[in-house]
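Visitor: A single structure is presented below for examination.
The values are calculated or read from the model by the stated rules, or taken from the named source; none is laboratory data. Since this is a predicted model, take the numbers as computed values, not measurements. Cβ: placed from backbone, ideal geometry, glycine included. Neighbour counts: every protein chain shown. Accessible surface is based on the protein model in full, side chains and every heavy atom, while ligands, DNA and RNA are left aside. Shrake-Rupley method; radii C 1.70, N 1.55, O 1.52, S 1.80 Å.
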Amino acid sequence: MLQRSRSTGRHVFYPRGAVPGTGETDLEWVPASGEGTVYSITVNRTREGAYNLALVDLAEGPRMLSRIEGAETVPIGTRVTARIATIDGAPAIVFAVASQGAA
């Protein structure tokens, strides 16, 4: 779910009381497509292993920080799909590389 301004159609992430920059307060919750594109990615290596942190541009417009599961790193521009996972005992949105459908 994402917030969207009823008057402008602009999507907002993270949840807020007003649209940044314009101040509209007519925000409603709407279903998100779950689709996005990798804007940037970095790999963090620890003694316990490696994990990535990625900025993902959501199809609706906002950009969010998350992880890309199933790969240590991916090229910028990779299409990804969201899902909810449990990380350290709490729900979190993570992404996986989108399946390549037939054209």
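Visitor: Could you compute the net charge surrounding A85? Neighbours are other residues with a C-beta less than 15 Å from the C-beta of A85; K and R count +1, D and E count -1.
Guide: Net charge around A85: 0.
Visitor: For the full complex of protein chains and a 1.4 angstrom probe, list T37, T22 by accessible area with the highest value first.
Guide: Sorted by accessible area, descending: T22, T37.
Visitor: Now for a different question. If I model a spin label as a point 7 Å beyond the Cα along the Cα-Cβ vector, how far apart are those points for A59 and T81 in nm?
Guide: Simple spin-label model gives 1.0 nm for this pair.
Visitor: Please list, ordered by chain and number, the residues whose modelled amide H lies under 5 Å from the amide H of L2; skip anything fewer than 5 residues away on the same chain.
Guide: HN-HN under 5 Å from L2: V30, A32.
Visitor: Could you work out which residue, out of I93, I84, I41, moves most in a Gaussian network model of the chain, that is, has the largest mean-square fluctuation with Cα springs under 10 Å?
Guide: Fluctuation is largest for I84.
Visitor: Provide the per-residue ³J(HN,Hα) series for the range 66-80, in order, calculated from phi with Karplus coefficients 6.51, -1.76, 1.60 and θ = phi - 60°, each as a whole number of Hz, with x at glycine and proline positions.
Guide: Per-residue couplings from phi come out as 7, 10, 9, 8, x, 8, 5, 8, 9, x, 4, x, 5, 6, 10 Hz.
Visitor: Quick one: what are the phi-derived ³J(HN,Hα) couplings along the range 86-93, Karplus 6.51/-1.76/1.60 with θ = phi - 60°, whole Hz, x for glycine and proline?
Guide: 3J(HN,Hα) across the range 86-93, in whole Hz: 9, 10, 6, x, 10, x, 8, 8.
Visitor: Another question about this same structure. Please list the non-local residues whose amide H lies under 5 Å from the amide H of V80, H modeled 1.01 Å from N, same-chain partners needing a gap of 5 or more.
Guide: G36, T37, V38, A98
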